[in-house]
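S.K.: Please read through the structure below; I'll follow up with questions.
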Amino acid sequence: MNYTDALKLLQNGNKQYVANKQSGDYSPAKRDELVKGQSPYAVIVTCSDSRVVPEAMFSAGLGELFVIRVAGNVIGEHELGSILYATKHCHTNLVVILGHTHCGAVHATIAGCNEDHIVSLTSMIKEAIGDEKDEIKASKINAAYGREKVKPEVGETVKVVSALFDIETGIVTFEE
């Protein structure tokens, strides 16, 4: 599937989600089919936040999305390795770096949280957002930063976009 069609599937799936008309195949037959392998149409790098569920917000079923979750949707070595696995071995040609409103990791960064291992996340987000204090703008900037970090790694045949999920409305807004 080309990335234009994949992006349309995500956009249409989000419209279904917002209208509370989700779809997605989670049947035993689909599980049996996927034993042979996977070919997801999109990679979604998103936050670990329990309110952010890509399969639901894009009305996707089993085998459709390759989801990578990490607090603050930051792109480190492990996330990049997972993205490259999906694009090279699963032949997925759309990558979405998905931020969201009310992100705790972004809030912690703006508040200057540097405790324990959390600093491994907040330092990466700080590098992306600089001195931005508006949490929604910072979440958009953070996702766009991830997008630009991934683009040179995946090659020209893979489309990389950023997006923001509004927790209150359920709407995902994409940016290229």
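S.K.: Would you mind ranking HIS117, HIS91, HIS78 so that the residue whose beta carbon has the fewest other beta carbons within 10 Å leads the list?
M.R.: Numbers: HIS117 6, HIS91 14, HIS78 10.
Starting with the residue having the fewest Cβ neighbours, the order is HIS117, HIS78, HIS91.
S.K.: Follow-up question, since we're still on this one. Calculate the FRET efficiency for HIS107 and VAL18 from the Cβ-Cβ distance with a Förster distance of 22 Å, rounded to the nearest 0.05. Intermediate results must be reported in sequence, preceding the final value.
M.R.: Numbers: r = 25 Å, r/R0 = 1.12.
Rounded to the nearest 0.05, the efficiency is 0.35.
S.K.: Mean-square fluctuation check for the chain, GNM, Cα pairs under 10 Å: which of ILE136, ILE75, ILE44 is largest?
M.R.: Taking springs between Cα atoms under 10 Å, the residue moving most is ILE136.
S.K.: Right, something else. Angle, helix 119-129 long axis vs. longest principal axis of the chain, Cα atoms, 0 to 90°, nearest 10?
M.R.: Between the helix axis and the principal axis of the chain, the angle is about 90 degrees.
S.K.: What full-extension length gain, to one decimal in nm, is calculated for LYS151 and PHE174 as 0.36 nm per residue of separation minus the Cα-Cα distance? Numbers along the way, then the final one.
M.R.: Numbers: separation 23, 0.36 × 23 = 8.28 nm, distance 1.56 nm.
This chain segment gains 6.7 nm when fully extended.
S.K.: Can you tell me the orientation of helix 135-154 relative to the chain, as the angle in degrees between its alpha-carbon axis and the longest Cα principal axis, to the nearest 10?
M.R.: The angle comes out at about 60 degrees.
S.K.: What does the helix-only formula give at 222 nm for the chain: each DSSP H stretch with n ≥ 4 adding -39500 (n - 2.57), the total divided by the residues, and the result rounded to the nearest 500 deg cm²/dmol?
M.R.: -13500 deg cm²/dmol
S.K.: Further question on the same structure: When you take every Cα atom in the range 13-116, what is the radius of gyration, and what is Dmax, the widest Cα pair distance, in Å?
M.R.: 15.4, 49
S.K.: Further, regarding this structure: How about the range 37-117: which GluC sites (Glu not before Pro) there lie in a loop by DSSP and see at most 16 other Cβ atoms within 10 Å?
M.R.: Numbers: sites: GLU55, GLU64, GLU77, GLU79, GLU115; in loops: GLU64, GLU115.
Those that pass, being in a loop and sparsely packed, are GLU115.
S.K.: Further question: Does anything in the range 18-55 have its amide N under 20 Å from the 7 Å Cα→Cβ label point of GLU115, and if so which residues?
M.R.: 48-50
S.K.: Are there chymotrypsin sites (Phe, Trp or Tyr not before Pro) in the range 25-95 that DSSP marks as loop and that have at most 14 other Cβ atoms within 10 Å, and which are they? Before the final figure, lay out the partial values.
M.R.: On the way: sites: TYR26, TYR41, PHE58, PHE66, TYR85; in loops: TYR26, TYR41, PHE58.
Counting only loop positions with at most 14 other Cβ atoms within 10 Å, the chymotrypsin sites (Phe, Trp or Tyr not before Pro) in the range 25-95 are TYR26.
S.K.: While we're on this one: Provide the per-residue ³J(HN,Hα) series for the range 159-176, in order, calculated from phi with Karplus coefficients 6.51, -1.76, 1.60 and θ = phi - 60°, each as a whole number of Hz, with x at glycine and proline positions.
M.R.: 8, 10, 10, 10, 8, 10, 9, 8, 4, 6, 9, x, 7, 9, 10, 9, 9, 9
S.K.: Now, a different point. Mind listing the phi-derived Karplus ³J(HN,Hα) values for the range 51-57, rounded to whole Hz, using 6.51, -1.76 and 1.60 with θ = phi - 60°, and x for any glycine or proline?
M.R.: With the stated coefficients, the range 51-57 comes to 8, 10, 10, x, 4, 6, 5 Hz.
S.K.: Please work out the C-alpha center-to-center distance from the range 113-176 to the range 1-67 and express it in whole Å.
M.R.: Between the Cα centre of the range 113-176 and that of the range 1-67, the gap is 20 Å.
S.K.: Give me ARG69, ARG31 ranked fewest to most by other Cβ atoms within 10 Å of their Cβ, as a rough exposure proxy. Show your work: numbers first, answer last.
M.R.: Values: ARG69 16, ARG31 12.
With the fewest neighbours first, ARG69, ARG31 line up as ARG31, ARG69.
S.K.: OK, next. Compute the acute angle (0 to 90°) between the alpha-carbon long axis of helix 77-89 and the principal axis of greatest extent of the alpha-carbon atoms of the chain; round to the nearest 10°.
M.R.: Helix 77-89 sits at roughly 20 degrees to that axis.
S.K.: What residues qualify as long-range amide H neighbours of PHE66, i.e. H under 5 Å apart, gap of 5 or more or another chain, H built at 1.01 Å from N?
M.R.: Under 5 Å from the amide H of PHE66: ALA42, VAL43, ILE44.
Read-outs throughout are calculated quantities, based only on the coordinates presented, and are distinct from any laboratory measurement. Source: prediction; values computed, not measured. Quick reminder, even Gly has a Cβ in these numbers, built from the backbone with ideal geometry, and neighbours come from all protein chains shown.
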